[in-house]
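For reference, the structure is listed below as structure tokens.
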Amino acid sequence: MTAYDLLFRRVLSKLDAETAHRGAFAAMRLAARVPGLAGYGRRRLLPSGGGARGVEAFGLHFPGPLGLAAGFDKNAAGIDALAALGFAFVEVGTVTGRPQPGNPRPRLHRLVADRAVVNRMGFNNDGAAVVAARLARRRRRRGALPVVVGVNIGKSKVVPEAEAIGDYEASTRLLAPYADYLVVNVSSPNTPGLRDLQAVELLRPLLTAVRAQADAVTSRRVPLLVKIAPDLSDDDVLAVAKLAVELELDGIIATNTTIGRDGLRSTPIAVDRAGAGGLSGAPLAQRSLEVLRLLRGAVGEQLTLVSVGGIATAQDAHERLRAGATLVQAYTAFIYGGPFWPARVQRDLARLLEEDR
């Protein structure tokens, strides 16, 4: 048992999950402000061999395969702090066109017996204009770490489905100039009607509009990905894959959280107390792996696949890479594993990849 395990069990697990998250994230950001500490930490924590030769994906170089999924740093407030812990890339957001407070608290719950989290945050964020300004300041700042930054965008809650395209276009116009890659999120269960946009007849015009807007506001081709839910049927997964190839997207992120609650170890009382929302963590692993294999079989080598959902160990990440992922992401395991978790997984994964050669 690590020191963090003791801290989690005796202190953090007793706090409201969102309060604990905010406190821990604030501590990370504070530590990263110490002159030279973030850069030193990144050099020390990223692997020094094997996987450290990096990953090439959609025209970008990643120093390792493991990144942080969207949801942890919604407002691009701690990119360098997170990179210093060993993440090869950080995906910020989900960011919406308009600032919004999200759903009422409590809205984040742990299911410790399942190493899982239930969230119904509701895309709480500062809005695209504020996040874009923050990303612009970071780009100008000397000492910012050379980490790949993805930006995940979603629909503002107050915007009706019929006006969703314009809302995504507004976010794209503001954020694409500062994104190393852009992700269209149509798969969170916490914004009413959002998952309806995964239907191909609605997704096609949305992705086409975002692509056109990104091209219009940048002098480069910003890689564009779509993030899908694990709750799609296999046929719907294949339909999205076909559309992504047709539109020449750069990749698919699979998968978001699930609304399912099957097979949990937690007591029914604990599950009921956690309430509605998206479930992430270990219970998602099997379905996320199934969706990954389905996608790779459908798209071949035409798209980059980013696998997320239930990745807790280097062995988990290695399995996803062998199943067809180019990159992997995590979030919930980072919460349970603590600040040294990403570096440990990155180093262990590098050794596994070296053994494959």
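Would you mind telling me the share, in percent, of accessible area of the stretch 284-324 contributed by carbon and sulfur at probe 1.4 angstrom?
Of the solvent-accessible surface of the stretch 284-324, carbon and sulfur hold 45 percent.
Given the stretch 268-357, what whole percent of its Cα pairs are spread farther than 23 Å?
Beyond 23 Å sits 30 percent of the P(r) for the stretch 268-357.
Of the listed peptides 137-148, 254-265, what is their order by residue-averaged count of other C-beta atoms within 10 Å, with the highest listed first?
The peptides rank, most packed first, as 254-265, 137-148.
Starting at the first residue of the stretch 23-30, write each ³J(HN,Hα) from the Karplus equation 6.51 cos²θ - 1.76 cosθ + 1.60 with θ = phi - 60°, in whole Hz, x for Gly and Pro.
x, 5, 5, 4, 5, 4, 5, 5
Roughly how many Å² is the accessible area per residue of the stretch 225-322, as a whole number, for a 1.4 Å probe?
Roughly 43 Å² per residue, with all protein chains present.
Using the crude model of +1 on Lys and Arg Cβ and -1 on Asp and Glu Cβ, and no other charge, please compute the dipole size for the stretch 74-129 relative to its Cα centre, in debye to 20.
Dipole about the Cα centre, nearest 20: 320 debye.
I want to verify the translational diffusion coefficient of the stretch 199-357 in µm²/s; compute it with Stokes-Einstein, Rh as the Kirkwood radius over Cα pairs, at 4 °C and 1.567 mPa s.
Reported coefficient: 76 µm²/s.
Under a cut-off of 15 Å between alpha-carbon atoms, report the aspartates and glutamates in cross-link reach of Lys242, not counting same-chain residues fewer than 8 places apart.
The reachable aspartates and glutamates, counting only those whose Cα sits under 15 Å from Lys242, are Glu201, Asp234, Asp250, Glu301.
Which translational diffusion coefficient, to the nearest whole µm²/s, is obtained for the stretch 275-314 from the Stokes-Einstein equation, given a Kirkwood hydrodynamic radius over C-alpha pairs, 37 °C and 0.692 mPa s?
In µm²/s, the coefficient is 290.
Contact order normalised by length for the stretch 221-289, with contacts defined as Cα pairs under 8 Å and 6 or more residues apart; what percent is it?
36 percent
Of Leu82, Leu295, Leu247, which has the largest mean-square fluctuation in a 10 Å C-alpha GNM of the chain?
It is Leu247.
Over all distinct Cα pairs, what is the inverse of the mean 1/r for the stretch 93-183, reported as the Kirkwood hydrodynamic radius in Å?
It is 14.5 Å.
Output the relative contact order of the chain, whole-number percent, from Cα pairs under 8 angstrom with separation of 6+ residues.
Computed value for the chain: 19 percent relative contact order.
Quick one: work out the % antiparallel among DSSP beta bridges in the chain, nearest 5.
Once the DSSP bridges in the chain are tallied, antiparallel ones form about 30 percent.
With an 8 Å cut-off on Cα pairs and a minimum separation of 6 or more residues, tell me the relative contact order of the stretch 50-112 in percent.
Value for the stretch 50-112: 27 percent.
Assuming a ≥ b ≥ c are the square roots of the Cα gyration tensor eigenvalues, decide whether the chain counts as rounded (a/c under 1.5), prolate (otherwise, with a/b larger than b/c) or oblate.
rounded
Can you list the residues, at least 5 places off or on another chain, whose amide H is less than 5 Å from the amide H of Ser266, using H built in the peptide plane?
Residues meeting the amide H criterion: Asp114.
When each pair of different Cα atoms in the stretch 198-287 is counted once in the 1/r mean, what is the Kirkwood radius in angstroms, to one decimal?
Computed over Cα pairs of the stretch 198-287, the Kirkwood hydrodynamic radius comes out at 15.2 Å.
Rounded to the nearest 5, what % of DSSP beta bridges with both residues in the stretch 99-256 are antiparallel?
Close to 30 percent.
The values are calculated or read from the model by the stated rules, or taken from the named source; none is laboratory data. All of these numbers come straight from a predicted model, not from anything done at the bench. Here the Cβ is made from the backbone with ideal geometry for all residues, glycine too, and neighbour counts use every protein chain on show. All accessible areas refer to the heavy atoms of the entire protein, side chains included, with ligands and DNA or RNA removed. Shrake-Rupley method; radii C 1.70, N 1.55, O 1.52, S 1.80 Å.
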